[in-house]
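Working notes for the structure below.
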Amino acid sequence: MDNILALAGANLVSPIILSFVLGLAAALVRSDLSFPEAIAKGLSLYLLFAIGFKGGAGVAAHGVDARLVAALVSGVALSLLLPFVAFALLRALARVSVVDAAAVAGHYGSISIVTFVAASTLLSGRGIPAEGFMVAVAAAMEAPAILSALWLAMRRGGGSERVGTELWREILLNGSIVLLLGAFAIGWITGEKGLAEIESFIVEPFKGVLCLFLLDMGLVAGRGLRGSRGVLSPGVVAFGILMPLVGAALGLAAGLALGLSLGGVVLLMVLGASASYIAVPAAMRVALPKANPALSLTLSLGVTFPFNLTIGIPLYMMLATAVAGS
Amino acid sequence: MDNILALAGANLVSPIILSFVLGLAAALVRSDLSFPEAIAKGLSLYLLFAIGFKGGAGVAAHGVDARLVAALVSGVALSLLLPFVAFALLRALARVSVVDAAAVAGHYGSISIVTFVAASTLLSGRGIPAEGFMVAVAAAMEAPAILSALWLAMRRGGGSERVGTELWREILLNGSIVLLLGAFAIGWITGEKGLAEIESFIVEPFKGVLCLFLLDMGLVAGRGLRGSRGVLSPGVVAFGILMPLVGAALGLAAGLALGLSLGGVVLLMVLGASASYIAVPAAMRVALPKANPALSLTLSLGVTFPFNLTIGIPLYMMLATAVAGS
Amino acid sequence: MDNILALAGANLVSPIILSFVLGLAAALVRSDLSFPEAIAKGLSLYLLFAIGFKGGAGVAAHGVDARLVAALVSGVALSLLLPFVAFALLRALARVSVVDAAAVAGHYGSISIVTFVAASTLLSGRGIPAEGFMVAVAAAMEAPAILSALWLAMRRGGGSERVGTELWREILLNGSIVLLLGAFAIGWITGEKGLAEIESFIVEPFKGVLCLFLLDMGLVAGRGLRGSRGVLSPGVVAFGILMPLVGAALGLAAGLALGLSLGGVVLLMVLGASASYIAVPAAMRVALPKANPALSLTLSLGVTFPFNLTIGIPLYMMLATAVAGS
Amino acid sequence: MKMHEAKRVEIIIEAVMERQLTNALNDAGVTGYTVLPVSGGSGRSGQWNREGQVGRAGGMVAVICLIRPERLDRLLEAAFAVVEQHIGVVSVSDTQVLRAERF
Amino acid sequence: MKMHEAKRVEIIIEAVMERQLTNALNDAGVTGYTVLPVSGGSGRSGQWNREGQVGRAGGMVAVICLIRPERLDRLLEAAFAVVEQHIGVVSVSDTQVLRAERF
Amino acid sequence: MKMHEAKRVEIIIEAVMERQLTNALNDAGVTGYTVLPVSGGSGRSGQWNREGQVGRAGGMVAVICLIRPERLDRLLEAAFAVVEQHIGVVSVSDTQVLRAERF
Ligand SMILES: Nc1ncnc2c1ncn2[C@@H]1O[C@H](COP(=O)(O)O)[C@@H](O)[C@H]1O
Ligand SMILES: Nc1ncnc2c1ncn2[C@@H]1O[C@H](COP(=O)(O)O)[C@@H](O)[C@H]1O
Ligand SMILES: Nc1ncnc2c1ncn2[C@@H]1O[C@H](COP(=O)(O)O)[C@@H](O)[C@H]1O
Ligand code: NA
Ligand code: NA
Ligand code: NA
């Protein structure tokens, strides 16, 4: 327990977390501090490219791992499964319509790449290695949850949509998936040599860029929370904190079953625990227009994201260390 | 005198100054070279974050200085006082309405953070250390001048506004103040360790980013000057050059009284001498809509800013060295 | 032959090329991956500033070269001449109207700065030095081709325009020319010392930024190709591949005549071979509004640019080595 | 100058639906449209703005379509089919255009 | 398609006044509005454009508000109170909307 | 509120022609105009959007001009001289403005 607190404490006073807190605070006191949309998108393009590339270069360095395919399959399975758990949990905890619950469930089955990035940064800061291919697992987990969410909405009569061409494109060719996997492939192909060429762009300034991005996410989350009166009932908030724990537990189980390294297990827990705020919201607007976007987004960005960033990640690290050893 | 010229000369052939000159020249010959608004804002977010963080880390490294509070109080006092001097000087030198003079006075009581950044860069280039907390003093000096300007406008019957909620927010929660102070706090809290983590983002590329930002400021200043026919009378221009000298003199006095280091004295002179072009213009549009925005902005960005950048800063450095001693 | 293939192969698996390929592929499969316009412009401002500055610093380091003026004159001559060759070749290969052929010819007489940057990067990666002033030659070659294109259009009765003030400004004070030459001048004036000050901004992360920019160019090129049904007939595509070879041959001749270094010869070949996609398209829209913009742009960005990037540059390097020696 | 009667249709719709809307417009025989960025707004589903946003959800675009009066109905039906389930507003104003052959 | 009479109010105002204007609109019972970015312009106070600008001064936004005719007066009074002292223009056009229940 | 009859002219034109158009408007005695960014569109010359574009070719802007009815003809002639050879559309709608002295 002391250990968690110490770890969480150390985690909390990092520039990364404090940048998020600064953004959150600025938005809550209604400062006009803001990032232009183009800058926010530019930062996220940089982060996706860098994290994908480094993951691929990592795979190139350590050889193709036999567990790569197994991990991908497990990731897809987790992403398909988690929405059912989330749906049931949310409906148990709060009075939420079927469509809304299905939309939320889609968010929680999918992943938050910036949470993944923050966890990777923390791991590498502590010298704990992780499988490079976890980036590919992250990409693979982005979309399947959308299908489960649609199935839930339709089965319960809440949705009228079939999955049309536009939606399939939204799901499979989503920009963040394509960039993440594409950069992963480039990193893999060009390997250590490629990484050396662009290291001073994608490795060295990485943490600083992440600070700015988290500052922006704090601003967006804060603005969302400010406008969320009436949306976040206690039951809903409880879901936003319990669900990541459930997701992390399933990620832990999968990680152990796959025989991942300690770092890999932590990352899979983080993927299970985190909720999408970029790809899934857009897909849900297309597929389930009647779902209230404020609910999913405020939950994912305003509750679960800060929870994971501050308490979740160190907690998962602790648990994984306790169970998976070192 | 030789010394000034040599110093000014050396200062002039730096990439930073020449980038500004390039922008100015490009705008004056009506090239279509331009920065997108989002990029300009992105660069300024970076600079504010970096300068704030480094200031805070500096405070963490050298311990809380007894003069911190005194310096903050002096800064606020200077910011409150300078508008009265500016108002009187401008009315003496040129035929300018009360509202316009009050608005201009507000700009000159406040500060230009990029002038501050340029001076800091010059100082550190010469190995002259300065108190890290000067960043906090800069932030503290941004807003008080606005109150003096409003008081001047109202007393003289020029303004009809009371300071409403929106205006208070504009003044106190202005994005640049919040970011500067927030990053300062993060730098202070995370200290040397935090700085080490993001050094290759906020320290190493800093000067290069500053070049691009100054290029953009040159473009904006040049465009302003081109459109300023009729606004800049000789008296007004004289004000734009005399006022920074007055502000620097008051900054020098305050700096000596506070017992700041040579670098600290120079920075306080620069704060006194510089005029706002981001926070105050917006506040003045809200509070004194009848003031001509072209006058304040052209003076501050087209006259005083280039003067400080090229001649002012080396001059203040010379003076401070002469008075405060090596 | 083996040599070309090996060189081209090595070239192909660099992060730079693969980033372009990723963008191209993403656009062709209709992913929604995209860069905000402001970010794309910001990246190009960075690249122009950095390449210009480094070129100028190179000149400062190696002294003013006697061949500088001769190279500039040759560059201008090439830029004036190439459109005539391009016009004749295109009319011979495809059924294209006079105005369209003139507009395309203007593009091919001018240059693509990012192709130049990619070639420079490849050269410096192989330790082959090149004259720093080649950047000034690149800038000098941007505009003259526009005049030839207009002359071609007018002589053949296809255009009704005289070259008005706006057009002259578009031609001579185009932002990319001003920035390139301005940064070149700053690099020259501040020399090695200036370069050292901002090296960690303009040198170290350069290749990584180039990757992102090429990713964006791949996206834009792919989107252009997707919408180009009907525009790209076989004859037109053949032109897009033959013309760079002709341009490179003329560049080779000029480079040898000038006595440039091996690197300089390669860069002049690349300038001859590459086609504009930023400055000339805008000028052509002003001057030859009846020309079909999709034709020039798809040819230049969708055919010639990828050709040069993948096969052209290594091929020119091979040829130059075979002829110019070492 | 000779002007011609036309309709100006302005559709403000969720950004994620832009492609579907413009596809529908094309299918309905519209000869052109223009898309304007939108930076913020407010409606029954609350207030929003694009500052600092990364995803495409939570943003709108404004699509403007100048069209001959006789083609209006087909356009509106096509647009409505897309807008119906989604957040958005549609307005139609009388206007006059130069160069009628373009519409 | 069943269309309903409405008014399209377009207010072009200094960006620094955006929040005050939209607050006033909300207070006046407006059910929605949309904010479009503005990149430049010209008027009695000269020409301006947003390129390379960092501060919020010296920029404008366009606020579009579709409203039932009977609510127009209240809206205009609210808007005018904000615009009066400030740089800006207000125009009102007749229009027709789908889904009148939204306005 | 006292409103005054006016015309709302909306010119959507290639971005490279913006300066020439606004110069022509100024010469035609227009007292003001506002430029809105355009993010994409479609017309006879195909579909386009600004994403990731660096050059100014291949983009449009929308210029809005509120003007007294009696000045319309001069404006249209000036605008048409610029637009004629170029890609672009011009529409004119009836509108009403506050503060007529400004136009
Ligand atoms: N009356 C209106 N006038 C202009 N725009 C509106 C209006 N109502 C809604 N909108 C726009 O449509 C979006 C969604 O509206 P709603 O579905 O009512 O939440 C809002 O955020 C506005 O951008
Ligand atoms: N007649 C007009 N038509 C359209 N926009 C205008 C007009 N007059 C002024 N504006 C806009 O309002 C801003 C301020 O106008 P002014 O107060 O006249 O300087 C201008 O920069 C334009 O963006
Ligand atoms: N009917 C229309 N309604 C609105 N905008 C149009 C229309 N036609 C053309 N445009 C705009 O004008 C641009 C050029 O049109 P065009 O010359 O027909 O290719 C298009 O890309 C659109 O942005
Ligand atoms: Na998850
Ligand atoms: Na000052
Ligand atoms: Na060429």
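What's the minimum Cβ distance from chain A to the axis relating it to B, in whole Å, and which residue gives it?
Reported as residue, whole Å: A:ALA38, 2.
In nm to one decimal, list the spacings between the E:GLU5 label point and its equivalents in the other copies, with label points set 7 Å along Cα to Cβ, shortest first.
Nearest first, the other copies' label points are 1.9, 1.9 nm away.
Distance between the C-alpha centers of the range A:256-291 and the range E:17-37? Whole Å please.
37 Å
Which of the lysines could a cross-linker span from E:LYS2 if the Cα-Cα distance has to be under 20 Å and same-chain partners fewer than 8 positions apart are dropped?
Straight-distance partners of E:LYS2: D:LYS7.
Before rounding to the nearest 500, sum -39500 (n - 2.57) across all DSSP H runs of length at least 4 in chain D and divide by the residue total; then give [θ] at 222 nm in deg cm²/dmol.
-6500 deg cm²/dmol
What does the highest-first list of B:31-38, C:272-279, C:164-171, C:299-306 look like by mean Cβ count within 10 Å?
C:272-279, C:299-306, B:31-38, C:164-171
Which of rounded, prolate or oblate describes the protein assembly as shown when judged by the alpha-carbon gyration tensor and an a/c cut-off of 1.5?
Rounded, since a/c falls under 1.5.
In the range E:23-52, which residues give up 40 Å² or more of accessible area once the other protein chains are added, compared with their chain alone (1.4 Å probe)?
E:TYR33, E:THR34, E:VAL35, E:LEU36, E:PRO37, E:SER39, E:SER42, E:ARG44, E:ARG50, E:GLU51, E:GLY52
Counting only protein heavy atoms and rolling a 1.4 Å probe, how much accessible area do A and D lose on contact, total for both sides, in Å² to 100?
Looking at A and D, the buried total is near 1800 Å².
Pop out the carbon and sulfur fraction of the accessible area of chain A as a percent, whole number, probe 1.4 Å.
67 percent
Rounding to the nearest 10 and keeping the result within 0 to 90°, find how far the Cα-based axis of helix D:18-27 lies from the longest principal axis of chain D.
Between helix and principal axis, roughly 20 degrees.
If one takes the accessible area of chain A alone plus chain B alone and subtracts that of the pair, with a 1.4 Å probe, what total in Å², rounded to the nearest 100, results?
Details: alone 13510 and 13470 Å², together 24920 Å².
By this definition, chains A and B bury close to 2100 Å².
Per DSSP H run of n ≥ 4, the term is -39500 (n - 2.57); total these for chain A, divide by its residue number, and report the mean residue ellipticity at 222 nm rounded to 500 deg cm²/dmol. Could you put the intermediate results ahead of the total?
Numbers: 16 runs with 244 residues, N = 326.
Value at 222 nm, helices only: -24500 deg cm²/dmol.
From other protein chains only, count the Cβ atoms within 10 Å of every residue's Cβ in B:165-174, then give the mean.
3
Just in the range B:198-234: which trypsin sites (Lys or Arg not before Pro) are loop by DSSP and have at most 11 other Cβ atoms within 10 Å?
Those satisfying the criteria are B:ARG229.
Which whole-number percent is the relative contact order of chain F (Cα, under 8 Å, 6+ apart)?
In percent, rounded to a whole number, it is 52.
Taking the range A:1-153 on its own, what percent of its Cα-Cα pair distances exceed 26 Å?
46 percent
Return the value, in Å² to the nearest 100, of accessible area buried between chains F and E (probe 1.4 Å, both sides summed).
Numbers: alone 6820 and 6850 Å², together 11650 Å².
Result for this pair: about 2000 Å² buried.
Across chain B, how many lysine pairs, 8 or more positions apart or on different chains, have C-alpha atoms separated by under 25 Å? Please give the number.
Taking chain B as the scope, the lysine pair count is 5.
Using the heavy atoms of the protein chains and a 1.4 angstrom probe, tell me the accessible area per residue for the range B:35-325 in square angstrom.
Normalised by residue count, the accessible surface of the range B:35-325 is 31 Å².
Could you work out how far the C-alpha centroid of the range B:1-52 sits from that of the range A:93-117, in angstrom?
47 Å
Ignoring ligands, DNA and RNA, what percent of the 1.4 Å accessible area of chain F is carbon and sulfur?
45 percent
In whole percent, what relative contact order does chain A give with Cα contacts below 8 Å and a gap of six or more residues?
This gives 33 percent for chain A.
Averaged per residue, what accessible surface does the range F:4-102 expose to a 1.4 Å probe, in Å²?
36 Å²
Quick one: grab Rg to one decimal and Dmax as a whole number for the range C:35-325, Cα atoms only, in Å.
In Å, with Rg to one decimal and Dmax whole: 17.9, 55.
Fully extended, how many nm does the chain gain between A:SER233 and A:VAL29 (0.36 nm per residue separation, minus their Cα-Cα distance)?
Gain on stretching A:SER233 to A:VAL29: 71.3 nm.
What are the distances, in nm and sorted shortest first, from the label point of A:ARG226 to the label points of the same position in each other copy, with each label point placed 7 Å from Cα along the Cα-to-Cβ direction?
From this label point to the equivalent ones elsewhere in the assembly: 3.7, 3.7 nm.
Within chain D, which is the longest segment containing none of the trypsin sites (Lys or Arg not before Pro) that sit in a DSSP loop and have at most 12 other Cβ atoms within 10 Å?
With a cap of 12 other Cβ atoms within 10 Å, the longest stretch comes to D:45-103.
Shielding of C:19-28 by partners, i.e. mean partner chain Cβ atoms within 10 Å per residue? Walk me through the intermediate numbers first.
Working: counts 6, 0, 3, 9, 4, 0, 2, 5, 1, 0.
The mean count of partner-chain Cβ atoms within 10 Å per residue comes to 3.
Can you tell me the 0 to 90 degree angle between the C-alpha axis of helix E:72-83 and the longest principal axis of chain E, rounded to 10?
Result, in degrees: 10.
Placing a label point 7 Å from Cα toward Cβ, how far apart in nm is A:THR165 from its equivalents in the other copies, listed shortest first to one decimal?
For A:THR165, the inter-copy label distances come out at 5.0, 5.1 nm.
What average count of beta carbons from other chains do you get within 10 Å of the Cβ of residues in C:224-232?
If you average over the peptide's residues, the count of other-chain Cβ atoms is 1.
With the calculation restricted to Cα positions, what are the radius of gyration and Dmax of the range C:223-269 in angstrom?
Both quantities, over Cα of the range C:223-269: 15.4, 44 Å.
The values are calculated or read from the model by the stated rules, or taken from the named source; none is laboratory data. Every value quoted in this text rests on a predicted model; they were computed, and no experiment measured them. Cβ sites come from the backbone with ideal geometry, for glycine too, and all protein chains shown count toward neighbours. To get the accessible areas, we keep the full protein, side chains included, count just its heavy atoms, and leave off ligands, DNA and RNA. Shrake-Rupley method; radii C 1.70, N 1.55, O 1.52, S 1.80 Å.
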